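A.B. asks: Pasting in a structure now, in structure tokens, and then I'll have a few things to ask.
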Amino acid sequence: MNEVEHLAHAAHESSLLPWIILLPLLGAILNGLFGKRYSQKTVSLIGVGSVVTAFVLSTLEVIRLAGLPEGDYLSVDLWRWFSAGELNVELSFMIDRLSAIMLMVVTGVGSLIHVFSTGYMKTDEGYARYFAYLNLFMFSMLLLILGKNLLVLFVGWEGVGLCSYLLIGFWFSDMEKAEAGQKAFITNRVGDLAFLIGTFILLFYSYGSLDFVGVGGAGGLPQTAAYLGDKAPGMLTLVCILFFIGATGKSAQIPLYVWLPDAMAGPTPVSALIHAATMVTAGVYMMARLNFMFALSDVAMTVVAVVGALTALFAATIGLVQNDIKKVLAYSTVSQIGFMVVSVGVGGFVGAIFHLMTHAFFKACLFLGSGSVIHALHHEQDIRKMGGLKAKLPVTRWTFLISCLAIAGIPFFAGFFSKDEILFFAATAHREGSNPMLFVYIVSVVAALCTAFYMFRLYFLTFEGKYRGDKHTWDHAHEEPVMNWPLIVLAGLATVGGFVGLPHFLHAHALEGWLEPIFGWLYEGEHAIFHVSHSAGLEIALMLGSVLIALLGIAFAWRLYMREKLPEAPVDAWWHKLLMNKYYVDEFYDAVLVRPLRATASFCHRVVDVRIIDGLFVRGSARLVGAVGDGLRFFQNGDVQAYVTAIVVGIAAILVVVEYLL
Amino acid sequence: MLTPPLLAAAAAPAAHAAAQQPAIPLSWYLAVALILFAIGSIGVLARRNALTVLMSVEIMLNAVNLVFLAFARFQADMTGHVITFFVIAVAAAEAAVGLALVMGLFRHKKAVNLDQMSALRS
Amino acid sequence: MDPNYAPYVPVAVVSILVVGLAAVILLLNRMLGPRRPTREKGIPYESGVDPVSHPRRRFSVKFYMTAILFLVFDLEVVFIYPWATRFKAWLADDAFAPVALGSMLFFVLVLALGLVYEWKRGAMNWE
Amino acid sequence: MQAATTTSDLAIISPLFIVCAMGLVALLVAVFTPKDSFKGWLGYVVAFGFALALVAVVWLWKQAPLTLSNESLFFALSVDHFGLGLTAVILIGGLLAALTAVDYLPSQRSDHGEYYALVAFAVLGMMAMVMSADMLTFFVALELMSISVYVLAGFKRQSAFSTEAAMKYFVTGSFASALLLLGIAFTYGATGSIRFTEIAEALASPQASLPIAQFGVVMLLAAFFFKVAAAPFHMWTPDVYEGAPTSVTALMATGVKVAAFGGFARMFLTAFGDARFRTGDLPWETIIAIVAVASMFAGNLMALAQKNLKRMLAYSAIAHTGYIMLAMLAAPTSGDGTVWLGPGLIFYLLGYTLASIAAFGVASVVSGNDVEDVNEVAYAGLAKRSPAHALILAVAMLSLLGIPLTAGFIGKLTIFAEVLDGSHNEYLWIVVVAVINSIISAFYYLRVILVAYMRDEAAERPIQLVSSRSLTLAAGLAAFLTLVVGLVPSRALMASGKAGGSLADSKARAASTATVNDVHTEADAPATASAPKATKL
């Protein structure tokens, strides 16, 4: 039964690994505690330097990893963190072929965004604090992706959440206005709750460790998952769903996506780093990490796929009508992560990671581009007041265009390959004895159409046509050289990044080969779970179809927005209202969740505590006792005596329980 | 060999104790003690004057002393008596601190009523 | 007579004697003594303090202080007295005698330190 | 067993002795130094005394369990790993709490030397509480602690709040003492003994009067629930924590709580630990389960609404009481009725002590000069004014919340795992409730961090910070240790496990020494503190 040898690989000690993680922490501590005393130059040197060094070290380690026998991984066990009974949890990290990709993306994109930030935040008084938070985020994110077991991953999971709140609220000087942070906070707590409960269940069934890889095929989570799949499939499904709920919180999926668009309140580089490239994809990474568990639960996978597809469509339709440049990108992010989740749900883990990577490139580029625009226009974010910016911001314009082409899925840009991989899996992947989820495929295709449309709507309205804002701003609009370089690098990656995953019929899918030791068993060999079509014709047909879809969307946007007079928004149409108001989800949550919660809290305080406990039980019973003791003096008890009365009532309750109820 | 000096004859056999049961049954002592304890509790719960509350606590402690003595007597065991001494001493210390606190309260409020202390609340 | 009550006969005799003697002395005083009553002589306690006044009248905090100190120090006798009754028996045990004496000395030492503290703090001064 | 070994007895009780002597010294020094001179150095002296006692505890730990040759002491004190371990936690808490007072008290215009004497006496009482082997020792120790803390709570005499807090604590506390005594009296009546081990034996015999014992146990429970601040016996907590001087609150949140839990666990597991009583005739385990849930909800829900940091921490303390009580549900029992504790309880108390000291330390720093109210304004934007203090506060909040890499996380995890394991899933629901509650608690803990890091104090009333090296040192050390214990918890966990496990030996020890002629060795009692085995389904 519990044979998981197909997931077992050898470990190699890595001495550089701890430094990759510690450097950003060091930077955060230095800038956080002493940043006020440093010059801006020193702060930048520490902040950027620590991350760039981590990137260089990561590159060295990944090169080393590539030289190892296929499937082996680098790891370091710092020390035994704690042990409870037979459960041993080590403070340990690993770079395997999956985390290597994340590591390169996070440190690489992270470095670029740090560089970009030195320009973007130049005039901000909280410069050192900003870099301290950003470095702390990098540290947490590295914990998350390099953690060798679920608990270390959870440390990072909580850490990135905390940094995210700190950075969302970076510019808010008082809590009342920082509602965005609060919202992110509350929705993420829901996700974390599910994550924690899932962890506890796994803890309970664990074979002495919560490692993602077992030693010699035994122990670790793979064996737990195998055991659960064998003996308690219901429990396995429950655990998967709980972890998926955790992922919906962090990765902004239905129903917990509402925080992400509001999180755009933070500085734009933060949006690029945290809310586009890295943190929000943590949920997808976590599910890929736990592929050996998710793959075993048919029900959970179906839920994942359907939720992902619905999110992709839902967010894309909202993106159609948004007028805030960052809001459009935010909904686009939600939608794109929906694609990745679809991919996980249909068994295309490689596709999910592939899209995660390409998305990190082009979406970071888009966000940084929007940051460049916002910076140039003195914090104007309404695309109705932009236009014609290609004249003022040439670098931004070209990089933005490239990224738009990539996200829309125009051939040979990065997004084309990764999105097609996902759609191909959605259309053909299936388990033994069941059919591909065509519903998911169709919904995804519609979402892709919307994506192409709204991205080019955004591009046309921002960079083409005539400028529609005030003259003064236009005259001062310019690009910061230091901010251009990251854009160019990211745009380059968005252009060529897709070639690591050429279509299957070419048999040159480098990424799939790279990840073969981790995901390969799902498709081939005796443990195989998913079956994918190998028909080259079908693949080409699907590909042509999605290119057509993308072109259709772009053409539609061209028709509507590439002209002198912009179309009047059909503000009275019911669908427009619905979309403008984001399907009234916020209002729905407000009515169904937030207000009742708040009401319950205040009810507890005012009614339950003050009236019922204090008034009825405490005072009331005090009066009763008082009436017995001294019939005349009903109304004489102060607060202390109410407390004592509570004690007496408590004893009475215990006696009743002991005597009559047990 | 290991008989503690103060707590000598601690574990007397129950049968031995039963032979010399006094005329008044144990339950009567306990009833009186519990009534006293209840009177004390009601005093703490219902009386407004801090000094009265203090006295009520003393009544409660003495009620417990009665319980100890009753049990000690009926089990022919010294432990209960010894405890009573300790309780008396502790009660004195408590009363001393209590009186000092009442004086402190009086300094601030010019009164010694408990219902005047409600500045601290949620 | 119930033999159970035999031991209490001397107690009864003493009680009767005490009450009787007190009554006789009072009676003699009443009959023999000269009587020239004044107001001052009529009050129960003659040391210049008016015993009858408003019950809510404040009196000095010093009274509390003295009462508290008396209470605390007076009560220590509940530990010293039982110890004293047993001490002679313990003296016989060579090994235990130092412990018995030592613990009581420590107890008294702590009390004495308390007294020093109290004295130095001025709790003994009436003014 | 000869009295000739008196010296070694003195060595065994040396931690108690050192602390007592330190208290007396502080008392005398206080009265012989000029009235208006700085008394803070006494804080260092007392802290040094605590450190010395800590050294003695560590020294004794290696030889434990120790047997006192003097019979009175033998029956009164158990100097085993449990007692020594908790004593160490108490001493750490007391040491750091004493350091927080050094500069805080002058800032509150309450710099009197007696403070440190009272702290020493309170700590002495706490230490005796966790080592006590019979009800009488326990009662006297508890009163020594309580009476000292009543006075400490009202130490800021010119403050109406402080006096009110002391008075409230006194009234409720003395009521609870009376309940405790009543409980002791009835237990004594039912069993004819006040020694924990003998009570257990007597209860097992058929002559025991269970209804009387039951009444006694309920009263004891009520008294302990009061001392550990469990709902609905908790209502004094917020008022007293808020009104008392912050350095005293720090002591109350740490030492008092540790001592109360230590005494609670030892008394109930040793005297009433038999499985027959825990869920059967004296169903204290079930009561604890209910009260734990009530405490978690009462504490966490009320904490949400608090603006005052001290008051919020008071409610959070109530919630933590709920978590800690779970550890007692999980006490493993072997076949012959021997009961012991896993590492959860003691480890959690250690983590909680450290985090509380850090939190209250920062609360002292921001409570300015003679300011009563530690509301949000006081620590808003602390990260800009004093990054070190903000960091300490953040670490404390994260640990209280139970974020990984802090001691609080390991503590929660250990307790939850123990409960699942010890109850064979029967209490799964309670763990779910506890996890939900710790999620609720995130709202108010992280809010503190957000306020300290995100709010701009420029527009607010700037509050002068108490500049104090000792205060920062104590809070910083506590925060640092929180992280250390969170990162490298294995030694502390092992020691906690050893301490909890030593409860199992008390029965064997009593049986082998009390009746010399009738030595029956308890071979099957778990001699070492083996942690519970992970359940495999």
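The values are calculated or read from the model by the stated rules, or taken from the named source; none is laboratory data. Treat the numbers as computed from the prediction; the structure is a model and nothing was measured. Neighbour counts are summed over all protein chains in view; Cβ atoms, including those assigned to glycine, are modelled from backbone coordinates with ideal geometry.
A.B. asks: Would you say A:V350 is touching a residue at least 24 places away in the same chain (Cβ under 8 Å) and touching an Asp or Glu at 6+ places or on another chain (Cβ under 6 Å)?
C.D. replies: Values: touching a residue at least 24 places away in the same chain (Cβ under 8 Å): yes; touching an Asp or Glu at 6+ places or on another chain (Cβ under 6 Å): yes.
It is true that A:V350 is touching a residue at least 24 places away in the same chain (Cβ under 8 Å) and touching an Asp or Glu at 6+ places or on another chain (Cβ under 6 Å).
A.B. asks: While we're on this one: Within the stretch D:296-388, considering only helices (runs of 4 or more DSSP H) that don't extend past its boundaries, which have at least 3 residues that are surrounded by 20 or more Cβ atoms within 10 Å (Cβ to Cβ) and among the small types (G, A, S)?
C.D. replies: On the way: elements: D:309-329, D:344-366, D:376-379, D:382-385.
Those helices (runs of 4 or more DSSP H) span D:309-329, D:344-366.
A.B. asks: In addition: I'm trying to understand the selection: among the residues of the stretch A:135-159, which are more than 26 Å from A:S206 (Cα to Cα) and within 14 Å of chain D (Cβ to nearest Cβ)? Give the steps one after another, and end with the answer.
C.D. replies: Applying the first criterion (more than 26 Å from A:S206 (Cα to Cα)) to the stretch A:135-159 yields A:135-139.
Of everything in the stretch A:135-159, those that are more than 26 Å from A:S206 (Cα to Cα) and within 14 Å of chain D (Cβ to nearest Cβ) turn out to be A:L136, A:F137, A:F139.
A.B. asks: Using the structure shown, decide if A:A276 is at pLDDT below 90 and under 17 Å from the mean Cα position of the chain (by Cα).
C.D. replies: The answer is yes for A:A276.
A.B. asks: From (1) buried (at least 24 other Cβ atoms within 10 Å of the Cβ); (2) without any contact (Cβ under 8 Å) to a residue 24 or more places away in the chain, pick out the condition that doesn't hold for D:S72.
C.D. replies: (1)
A.B. asks: Could you say whether any residue in the stretch D:392-403 is assigned to a loop (DSSP other than H, G, I, E, B), modelled with pLDDT under 90 and over 22 Å from the mean Cα position of the chain (by Cα)? Give the derivation first.
C.D. replies: Initially, the stretch D:392-403 is screened for residues assigned to a loop (DSSP other than H, G, I, E, B), giving D:402-403.
Filter once more, keeping what is modelled with pLDDT under 90: D:402-403.
Applying the additional criterion that residues be over 22 Å from the mean Cα position of the chain (by Cα) yields none.
Among the residues of the stretch D:392-403, not one is assigned to a loop (DSSP other than H, G, I, E, B), modelled with pLDDT under 90 and over 22 Å from the mean Cα position of the chain (by Cα), which makes the answer no.
A.B. asks: When you look at D:S364, is it within 25 Å of the chain's Cα centre (by Cα) and within 13 Å of chain A (Cβ to nearest Cβ), yes or no?
C.D. replies: No, not satisfied.
A.B. asks: Next question, about the same structure. Please specify each residue of the stretch D:390-440 satisfying the condition of being within 11 Å of chain A (Cβ to nearest Cβ), of a type outside the set (A, V, I, L, M) and closer than 30 Å to A:G32 by Cβ.
C.D. replies: Hits for the stretch D:390-440 are D:G402, D:P404, D:T406, D:F409, D:G411, D:K412, D:S438.
A quick yes/no check of all residues on (1) modelled with pLDDT of 95 or more; (2) under 16 Å from D:V25 (Cα atoms):
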{"position": "D:L84", "(1), (2)": "no, no"}
{"position": "D:L91", "(1), (2)": "yes, no"}
{"position": "D:A97", "(1), (2)": "no, no"}
{"position": "D:L105", "(1), (2)": "no, no"}
{"position": "D:Q108", "(1), (2)": "no, no"}
{"position": "D:Y115", "(1), (2)": "no, yes"}
{"position": "D:F121", "(1), (2)": "yes, yes"}
{"position": "D:L124", "(1), (2)": "yes, yes"}
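A.B. asks: Using the structure shown, decide if B:F106 is more than 13 Å from chain A (Cβ to nearest Cβ) and either within 25 Å of the chain's Cα centre (by Cα) or not in a helix (DSSP H, G or I) (or both).
C.D. replies: Values: more than 13 Å from chain A (Cβ to nearest Cβ): yes; either within 25 Å of the chain's Cα centre (by Cα) or not in a helix (DSSP H, G or I) (or both): no.
No.
A.B. asks: What number of residues within the stretch D:116-142 are crowded, with 24+ Cβ neighbours inside 10 Å, within 10 Å of chain B (Cβ to nearest Cβ), assigned to a helix (DSSP H, G or I) and out of contact with any Leu (no Cβ under 8 Å at 6 or more places or on another chain)?
C.D. replies: Here the count works out to 1.
A.B. asks: Do any helices (runs of 4 or more DSSP H) lying entirely in the stretch A:463-538 carry at least 3 residues that are within 27 Å of the chain's Cα centre (by Cα) and touching a residue at least 40 places away in the same chain (Cβ under 8 Å), and which ones are they?
C.D. replies: On the way: elements: A:471-476, A:481-496, A:510-519.
Answer list for the stretch A:463-538: A:481-496, A:510-519.
A.B. asks: What is the one condition in (1) closer than 27 Å to A:G156 by Cβ; (2) crowded, with 20+ Cβ neighbours inside 10 Å; (3) modelled with pLDDT under 85 that D:G411 does not satisfy?
C.D. replies: Failing condition for D:G411: (3).
A.B. asks: Can you tell me which residue is surrounded by the most Cβ atoms within 10 Å (Cβ to Cβ) among those in the stretch D:266-283 that are touching a residue at least 40 places away in the same chain (Cβ under 8 Å) and either in contact with a Leu (Cβ under 6 Å, 6 or more places away or on another chain) or not in a helix (DSSP H, G or I) (or both)?
C.D. replies: If we take residues in the stretch D:266-283 being touching a residue at least 40 places away in the same chain (Cβ under 8 Å) and either in contact with a Leu (Cβ under 6 Å, 6 or more places away or on another chain) or not in a helix (DSSP H, G or I) (or both), then D:G273 is surrounded by the most Cβ atoms within 10 Å (Cβ to Cβ).
A.B. asks: Of the residues D:A479, D:A474, D:A531, only one is in contact with a helix residue (DSSP H, G or I) (Cβ under 6 Å, 6 or more places away or on another chain), at pLDDT below 90 and among the small types (G, A, S); which? Steps first, answer last, please.
C.D. replies: Numbers: D:A479 fails: at pLDDT below 90; D:A474 fails: at pLDDT below 90.
Selected residue: D:A531, the only one of D:A479, D:A474, D:A531 that is in contact with a helix residue (DSSP H, G or I) (Cβ under 6 Å, 6 or more places away or on another chain), at pLDDT below 90 and among the small types (G, A, S).
A.B. asks: Are there any pairs with C-beta distances below 6 angstrom linking a residue in the stretch D:302-322 that is without any contact (Cβ under 8 Å) to a residue 40 or more places away in the chain to a residue that is surrounded by fewer than 24 Cβ atoms within 10 Å (Cβ to Cβ), with the two at least 6 apart or on different chains, and if so which?
C.D. replies: Pairs found: D:A305/A:H605.
A.B. asks: Oh, and also: Testing D:P238 on (1) at pLDDT 90 or above; (2) facing chain B (nearest Cβ under 9 Å), one condition comes back false. Which one is that?
C.D. replies: The failed condition is (1).
A.B. asks: Considering only the stretch B:45-90, state which residues are facing another protein chain (nearest Cβ under 7 Å), closer than 25 Å to B:I24 by Cβ and without any contact (Cβ under 8 Å) to a residue 60 or more places away in the chain.
C.D. replies: Scanning the stretch B:45-90 gives B:M60, B:L61, B:V64, B:V67, B:F68, B:F71, B:G80, B:I83, B:F85, B:V87, B:I88.
Per-residue answers, yes or no, for (1) more than 22 Å from A:Y561 (Cβ to Cβ); (2) not in a helix (DSSP H, G or I):
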residue: A:H359; (1), (2): yes, no
residue: A:K363; (1), (2): no, no
residue: A:G369; (1), (2): no, no
residue: A:G388; (1), (2): no, yes
residue: A:T396; (1), (2): no, no
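A.B. asks: Then there is this: Filter the stretch A:209-218 down to the residues that are buried (at least 20 other Cβ atoms within 10 Å of the Cβ) and not acidic (D, E), then identify the one that is modelled with the lowest pLDDT.
C.D. replies: The first filter runs over the stretch A:209-218 and keeps only residues buried (at least 20 other Cβ atoms within 10 Å of the Cβ), leaving A:209-214.
With not acidic (D, E) added as a condition, the list becomes A:209-210, A:212-214.
Numbers: A:S209: 78, A:L210: 80, A:F212: 81, A:V213: 78, A:G214: 66.
The extreme case among them is A:G214.
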